[in-house]
Amino acid sequence: EHVAFLASPELKGRGLGSDGLAKAAQYVADRFQAYGLLPGGDGGTYFQRFTVPKGPGGGPAEAANVVALLPGANDAMKDQSAVLGAHVDHLGSGWPDVHAGDEGKVHPGADDNASGVAVMLELARVLAAGERPPRTVVFIAFTGEEAGRLGSKHYVANPARPIAGIEGMINLDTVGRLGTQKITALGTGTATEWQHIFRGASFVTG
């Protein structure tokens, strides 16, 4: 359902600064609110708004990350957090990168990255409905990823929670189409803990 909406013709590829991307961001915010997550954006909202100097039209474009918090249950870990992120923007009609042969056509972005946003939303729903985790979990739908990770850079400069307290971050990007293949988790070398965590998960699940 999430992928079908985010990759629908109505959203026209969720290009930076577009109405389609604004609708996608609102969709994510509405689900965060429905799941009972706290807003982590500006002024008590779910949106972290900023302006990028150059959008698809060549001039400045408005952009917004969507940020939500699931407060941790352990007071001793109140300064710590974990981050689950995915990027909600895509290429629109092919800016800043066009698929060969698709010039001028809408790039729906079902795999990149409606799939990642869908997984993030489902994790948010399940975690919010269960027992609260010990650490606060920050859910972020980044924008401007296709233009150079602009949303994630903005978040690091303006975090909802202290950057120094982040114990780990999982980036959900281009998720799916496994078929009979095994799951691949990339970037496990960014911290020594990840390798053990994923080995443990694969041992349990096979």
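The values are calculated or read from the model by the stated rules, or taken from the named source; none is laboratory data. Quantities reported herein were computed from a predicted structural model and do not represent experimental measurements. All Cβ positions, even for glycine, are placed from backbone atoms using ideal geometry, and neighbour counts span all protein chains on display. Just so you know, the surface numbers come from the protein's heavy atoms only, side chains and all, with ligands and any DNA or RNA stripped out. Shrake-Rupley method; radii C 1.70, N 1.55, O 1.52, S 1.80 Å.
Mark the label point 7 Å from the Cα of Phe5 along Cα→Cβ and return the residues of the range 133-150 whose backbone N is within less than 15 Å of it. So the set is 141. Give me the percent of the accessible area of the range 1-77 that comes from carbon and sulfur atoms, probe 1.4 Å, all protein chains in place. Ligands and nucleic acids excluded, carbon and sulfur reach 54 percent.
Loop-located trypsin sites (Lys or Arg not before Pro) in the range 128-206 (DSSP state other than H, G, I, E, B) with a sparse environment of at most 11 neighbouring Cβ atoms within 10 Å: Arg177, Lys182. Placing pseudo-labels 7 Å out from each Cα toward the beta carbon at Arg177 and Ala201 gives an inter-label distance of 2.1 nm.
For the range 116-151, which GluC sites (Glu not before Pro) are both in a DSSP coil and crowded by at most 10 other Cβ atoms within 10 Å?
Answer by residue number: Glu131.
Mean-square fluctuation check for the chain, GNM, Cα pairs under 10 Å: which of Gly85, Gly57, Gly101 is largest? Sorting by GNM fluctuation, first place goes to Gly101. Looking at the chain alone, DSSP beta bridges between its own residues are antiparallel in about 50 percent of cases. Just checking the listed ones, Ala34, Ala64, Ala86: in the Gaussian network model of the chain with Cα springs under 10 Å, the one fluctuating most is Ala34. Annotation: per residue accessible area for the chain equals 54 Å², rounded to a whole number [probe 1.4 Å, protein chains only]. Calculated [222 nm] ellipticity per residue, helices only, for the chain: -8500 deg cm²/dmol; basis is -39500 (n - 2.57) per DSSP H run with n ≥ 4, divided by all residues, nearest 500.
Quick check on the range 1-118: what are the equivalent-ellipsoid semi-axes from the Cα gyration tensor, as sqrt(5λ), descending, whole Å?
Semi-axis lengths for the range 1-118 are 29, 16, 12 Å.
Need one number: the % of Cα-Cα pairs in the range 125-206 sitting beyond the 22 Å mark. Cα-Cα pairs of the range 125-206 separated by over 22 Å account for 43 percent. A prolate overall shape is assigned to the range 91-136, the ratio a/c of its alpha-carbon gyration tensor axes (a ≥ b ≥ c) being 1.5 or greater and a/b exceeding b/c. With a Cα cut-off of under 27 Å and a minimum spacing of 8 residues unless on different chains, the lysine pairs in the chain number 10.
Within the chain, the proportion of C-alpha pairs whose separation exceeds 27 Å stands at 31%.
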